[in-house]
Amino acid sequence: QICFEKKITLGWFRIFFVYGPGQRKESLIPTIIKDLKSDSFPEIKSPNNKNDFIYIDDVCEAFIRGINKNFKSNIFDIGSGHLTSVYQIFNFLEKKIKNKSDFSKKLKKIALKKKEIDKDLIADIKNTKKIFGWSNKNNIYQGLQKTLNDYNQNPI
């Protein structure tokens, strides 16, 4: 209301599950990388859960476009617009780090026994794309590879 009264444009960017270099080391992806590198089976509580993961560089690009564009006040989702399961992330990282999927097979068995309730929160990026010409440039696998490359240069 104050923004409206003072004729200030407000862009509320709703950021979904951001990941990448510099992420808190206790977060899901850094924990998986660290554990796989030390040949430990990570404790994954909800392997079936799916989230809309978005790579940090794509989030930064959305903010840059928001700063440099005139627009009407609104809420803008910043996400990939796709769901990825924790298991998919784990499996990809294990193949990249260990060149095998022994832990993934074990996790798959655990996942089959679990009955998690997915909320499936997914970004609706249509408005963000329309107003800012933005969409993510990195799919989950490209972003995970960049994150892993950064970890290899700067261990957690």
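The values are calculated or read from the model by the stated rules, or taken from the named source; none is laboratory data. Not measured: the values here are computed from a predicted model. Positions of Cβ are generated from backbone atoms using ideal geometry, with glycine treated the same way; all protein chains shown enter the neighbour counts. Quick note on the areas: whole protein, heavy atoms, side chains included, nothing else; ligands and nucleic acids left out. Shrake-Rupley method; radii C 1.70, N 1.55, O 1.52, S 1.80 Å.
Data for the structure
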{"read-out": "Near pairs, Cβ below 7 angstrom, 6+ apart or cross-chain, from segment 62-81 (touching a residue at least 60 places away in the same chain (Cβ under 8 Å) and in a helix (DSSP H, G or I)) to any residue that is of a type in the set (Ser, Thr, Tyr) and open to solvent by less than 40 Å² (accessible area, probe 1.4 Å)", "value": "Ala62/Thr128"}
{"read-out": "Subset of segment 67-84 that is open to solvent by less than 90 Å² (accessible area, probe 1.4 Å) and over 20 Å from the mean Cα position of the chain (by Cα) - its residue that is nearest to Asp124 (Cα to Cα)", "value": "Asn74"}
{"read-out": "Pairs with Cβ under 7 Å, 6+ apart, first in segment 133-156 and within 16 Å of Asn51 (Cα to Cα) and hydroxyl-bearing (Ser, Thr, Tyr), second part of a loop (DSSP other than H, G, I, E, B) and open to solvent by less than 50 Å² (accessible area, probe 1.4 Å)", "value": "none"}
{"read-out": "Count - residues of segment 90-123 that are touching a Gly at 6+ places or on another chain (Cβ under 7 Å) and either assigned to a helix (DSSP H, G or I) or open to solvent by 50 Å² or more (accessible area, probe 1.4 Å) (or both)", "value": "1"}
{"read-out": "Of residues in segment 31-66 being in contact with a strand residue (DSSP E or B) (Cβ under 6 Å, 6 or more places away or on another chain) and more than 29 Å from Glu94 (Cβ to Cβ), the one surrounded by the fewest Cβ atoms within 10 Å (Cβ to Cβ)", "value": "Gly66"}
{"read-out": "Hey, Ile156 more than 23 Å from Asp35 (Cα to Cα), open to solvent by 30 Å² or more (accessible area, probe 1.4 Å), at pLDDT below 95 and not acidic (Asp, Glu) or not", "value": "no"}
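Let's see how each residue does on (1) at pLDDT 95 or above; (2) on the phi > 0 side of the Ramachandran plot; (3) not in a loop (DSSP other than H, G, I, E, B):
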position: Phe4; (1), (2), (3): no, no, yes
position: Trp12; (1), (2), (3): no, no, yes
position: Lys25; (1), (2), (3): no, no, no
position: Ile32; (1), (2), (3): yes, no, yes
position: Ile44; (1), (2), (3): no, no, no
position: Ile54; (1), (2), (3): yes, no, yes
